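Remarks on the structure that follows.
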Amino acid sequence: MEILIFESAEKLAAHAALLIAACVNEKPYAVLGLATGSTPVETYQALIAISKMGQVDFSKVTSINLDEYVGLSVEDEQSYARFMKDNLFDSINISPTNTHIPNGKAKNPLLECHRYDALIVEKGGIDLQILGIGPNGHIAFNEPCDYFPMTSHLVDLSEETIQANARFFESRDEVPRQALTMGTGQIFKAKKILLLASDESKAEAVTSALLGPVTPMCPASILQLHSNVTFLLDSSAASGILEAPGVYYKEVH
Ligand code: GLP
């Protein structure tokens, strides 16, 4: 476990983008696990800038996204499929056929989850997984519950998540109540994981994930057991761990 703390979200994003580009440069056929939400937006912008300078080539990369809202497709502005196109895919040279996101419009969500599980296996698993964290400690849409889901599944979003994500929709009522998400187990199998968190609103979740018990009530806490995970935090998101005894972190300037 490595913890890096940055003085600003901008510096965090620049560093995260360099790590992603380095992964692709080392392994041109890398499988990237990608996340949505407001946190990775600046990282994707920094990655686009690196790409435009010709310092990374995505032509052979495969991407596998974490999750999608049930009922939304790429035509819907709030879908994660659309988010990825607008915030990354349309601005880099990744082949659209190599980008994968659960189909939120699938008639049979269970079959779609099986398809997604098989896809992850077929691609050889995830080399580098990018994660955000929900204010309730969720990763992807693995909500706090009494077990760690191993595989892709249909999930009922918690009230807290619906509230937190309402800012992306016209009103709270428009937030889908369900999603398809990769399981915690699949995320855990990624060879390397970068968890990005910025802003004070994430401080409690980050503190629980890093210092609390490993429990599915805080899904991100499972990362304490992963052998190659880096938390990239801005100083606000890190505020709950700075004084904690026995926590080793590096401040990056
Ligand atoms: C969503 C996504 C997560 C993301 C989280 C935090 O619910 N499913 O993958 O990490 O929200 O998002 P944000 O970065 O907008 O706070």
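Of the GluC sites (Glu not before Pro) found in the stretch 168-240, those in coil by DSSP whose Cβ has at most 16 other Cβ atoms within 10 Å are E170. Label separation (A118 vs Y248): 4.5 nm, computed from points 7 Å beyond Cα along the C-beta direction.
Per-peptide packing, taken as the mean over residues of other Cβ atoms within 10 Å, places 130-138, 8-16, 103-111, 150-158 in the sequence 130-138, 8-16, 150-158, 103-111 from highest down. Charged side chains reduced to their Cβ positions (Lys and Arg at +1, Asp and Glu at -1) give the stretch 1-100 a dipole of some 360 debye around its Cα centre.
Rolling a 1.4 Å probe across all protein chains gives T99 an accessible area of roughly 30 Å². Put a plus charge on the Cβ of each Lys and Arg, a minus charge on the Cβ of each Asp and Glu, and nothing anywhere else: the dipole of the chain about its Cα centre is then about 860 debye. Taking only the C-alpha atoms of the chain, the Rg (one decimal) and the largest Cα-Cα distance, Dmax (whole number), read 17.0, 50 Å. Largest accessible area first, the residues R167, R172, R115 order themselves as R167, R115, R172 under a 1.4 Å probe with ligands, DNA and RNA left out. Computed on protein heavy atoms with a 1.4 Å probe, the accessible areas place Y69, Y80 in the order Y80, Y69, largest first. On a per residue basis, the convex hull of the C-alpha atoms belonging to the stretch 54-118 measures out at 88 Å³.
Within a straight-line Cα-Cα reach of under 16 Å, K191 can be paired with the following lysines, leaving aside sequence neighbours fewer than 8 residues apart in one chain: K27, K123. Along its first, second and third principal axes, ordered by size, the stretch 1-150 spans 42, 33, 31 Å in Cα coordinates.
In whole Å, how far is the Cα centre of the stretch 1-79 from that of the stretch 92-147? Each part reduced to its Cα centre gives a spacing of 15 Å. With 0.36 nm allotted per residue and the present C-alpha distance subtracted, the M150-F168 stretch has 3.6 nm of extension available. Take every pair of alpha-carbon atoms less than 8 Å apart whose residues are at least six positions apart; their mean separation over the length of the stretch 65-177 yields a relative contact order of 24 percent. Relative to its residue count, the stretch 140-253 spans a Cα convex hull of 116 Å³ per residue. Restricting the chymotrypsin sites (Phe, Trp or Tyr not before Pro) of the stretch 122-185 to loop positions (DSSP other than H, G, I, E, B) with no more than 11 neighbouring Cβ atoms within 10 Å leaves Y147.
The values are calculated or read from the model by the stated rules, or taken from the named source; none is laboratory data. The model shown is predicted, which means the values in this text are computed figures rather than measured ones. As a convention, Cβ positions derive from the backbone with ideal geometry for all residues, glycine included, and neighbour counts pool all protein chains shown. Calculation scope for accessible area: heavy atoms of the full protein, side chains included, ligands and nucleic acids excluded. Shrake-Rupley method; radii C 1.70, N 1.55, O 1.52, S 1.80 Å.
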